[in-house]
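Just so you know, all these numbers are worked out from the coordinates, no wet-lab data involved. Worth saying up front: this structure is predicted, and the values here are computed from it rather than measured. Cβ placement follows ideal geometry from the backbone for every residue including glycine, while neighbour counts extend to all protein chains displayed.
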């Protein structure tokens with residue numbers, strides 16, 4: 001089944017404890033992206049990747065890192081999480097870019113205490 | 001990136017047709033118009049995409065006038081399960097990787 005998977009789905013952590021949220025797609029998509037969704041602020045893009053080893057900032061990249069070493073994986077790294085990064089995170093992928101149909105993962109709900 | 005404007009919310013009854021209009025005055029020649037549906041705590045789901053005139057699939061229709069400065073998503077005979085937030089996005093290869101979601105339209109369907 002063609003899909004985007006995220007792990008973990010739920011995570012509670014404490015301020016400053018490094019964490020990684022994984023994202024994987026099995027559709028051989030070139031493009032992958034991360035979003036966060038907060039009440040009243042909608043979906044905001046954090047980082048995106050046009051291809052392996054090619055990543056760039058979205059609208060809210062502060063406090064996040066990403067890497068794209070393989071086409072199928074695009075992990076989101078929070079090196080020192082803070083409470084303002086408490087949010088619902090979505091990973092998405094598409095064949096070639098932002099203008100193409102995006103396939104979203106199920107989401108990861110993160111609580112930083 | 002072309003900015004989009006949609007109504008914040010719309011209410012409807014089951015069985016009615018719901019039409020959501022999105023304004024995108026700065027749409028570029030290469031831009032496509034894409035609509036997504038999102039249920040609470042789930043990722044957005046692609047509904048329909050079009051460039052001009054009319055596109056129809058098993059879920060919805062998309063009407064795009066000749067000037068392409070707006071588009072209308074039409075959901076025929078809605079049911080309670082169509083209660084969701086609907087997003088209109090405009091993008092193309094010229095957008096490279098950036099994608100901006102607007103506030104979306106909350107559609108509430110009641111019996």
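Cβ crowding within 10 Å ranks A:95, B:46, B:101 as A:95, B:46, B:101, fewest other Cβ atoms first.
Return the inverse of the average 1/r over all pairs of distinct C-alpha atoms in chain A, which is the Kirkwood hydrodynamic radius, in Å to one decimal. It is 13.8 Å. Residues A:96, B:35, ranked from the fewest to the most other C-beta atoms within 10 Å, line up as A:96, B:35. Taking all Cα-Cα distances within chain B, those exceeding 21 Å account for 31%. For the pair residue B:25 and residue A:96, label points projected 7 Å from Cα toward Cβ lie 3.2 nm apart. Name all residues of region A:40-71 having a backbone nitrogen under 18 Å from the label point set 7 Å from the Cα of residue A:15 along its Cα→Cβ direction, giving them as ranges. Flagged as within label range: A:63-64. Mind grabbing the base-10 log of I(q)/I(0) for the protein assembly as shown at q = 0.11 Å⁻¹? Debye formula, identical points on the C-alpha positions, no solvent, two decimal places. Listed by q, the Debye log ratios stand at -0.55.
Placing a label point 7 Å from the Cα of residue B:57 along the Cα-to-Cβ direction, the residues of region A:69-113 with a backbone N closer than 20 Å are A:91-107.
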